[in-house]
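To keep things clear, I will list the structure first and then write my remarks on it.
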Amino acid sequence: MQYLHTMVRVTDIDASLKFYCEGLGLEEVRRSENERGRYTLVFLRAPGDQGGEVELTYNWDPEGYTGGRNFGHLAYRVKDIYALCQHLMDMGVTINRPPRDGHMAFVRSPDGISIELIQDGTLPQQEPWASMPNTGSW
């Protein structure tokens, strides 16, 4: 058995690609458009990771998706959780669960998908993260 990918439905492909690629640093590895089915699939993965991918599914006809948290979350190991969280904040992304412990944080994609960020190892606690409160849910 081999893990292949996690599919996430998105409502705005451009906003989603900005979040996942510019924000989280994932790379697009392939894309397919299906005119008959009226959808686009975009597969992303972390640089250097040949393992599982994230499949963004964009249905061309508007649909409403509720929750976004009903399947759990995506998780990524990161080299510097503080730098990534600062980068995401600079992009306007809310840090729902700040990395107070130097190890774990949660953010949400533009479609409300919960993303867990896990530090490779643990960094010493740093401000402003150590005293930053939670925002919303993750």
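The values are calculated or read from the model by the stated rules, or taken from the named source; none is laboratory data. Everything numeric in this text was worked out from a predicted model, so none of it was measured. Reconstructed Cβ throughout: ideal geometry from the backbone, glycine too, with neighbour counts over all protein chains shown. Surface areas here come from the heavy atoms of the whole protein model, side chains and all, with no ligands, DNA or RNA. Shrake-Rupley method; radii C 1.70, N 1.55, O 1.52, S 1.80 Å.
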task: Kindly indicate whether E33 is within 19 Å of G136 (Cβ to Cβ), open to solvent by 20 Å² or more (accessible area, probe 1.4 Å) and not in a loop (DSSP other than H, G, I, E, B).
output: no
- line: The one condition D80 fails out of (1) at positive phi; (2) at pLDDT 95 or above is (1)
Condition check for T40: open to solvent by less than 20 Å² (accessible area, probe 1.4 Å), at pLDDT below 95 and over 26 Å from N134 (Cα atoms): no
message: Suppose the filter is part of a strand (DSSP E or B) and either touching a Leu at 6+ places or on another chain (Cβ under 7 Å) or more than 23 Å from G52 (Cβ to Cβ) (or both); does A83 pass it?
response: no
message: Suppose we keep only residues that are open to solvent by 10 Å² or more (accessible area, probe 1.4 Å) and in contact with a strand residue (DSSP E or B) (Cβ under 6 Å, 6 or more places away or on another chain) within the stretch 114-138. Which one would you say is nearest to Y65 (Cα to Cα)?
response: W138
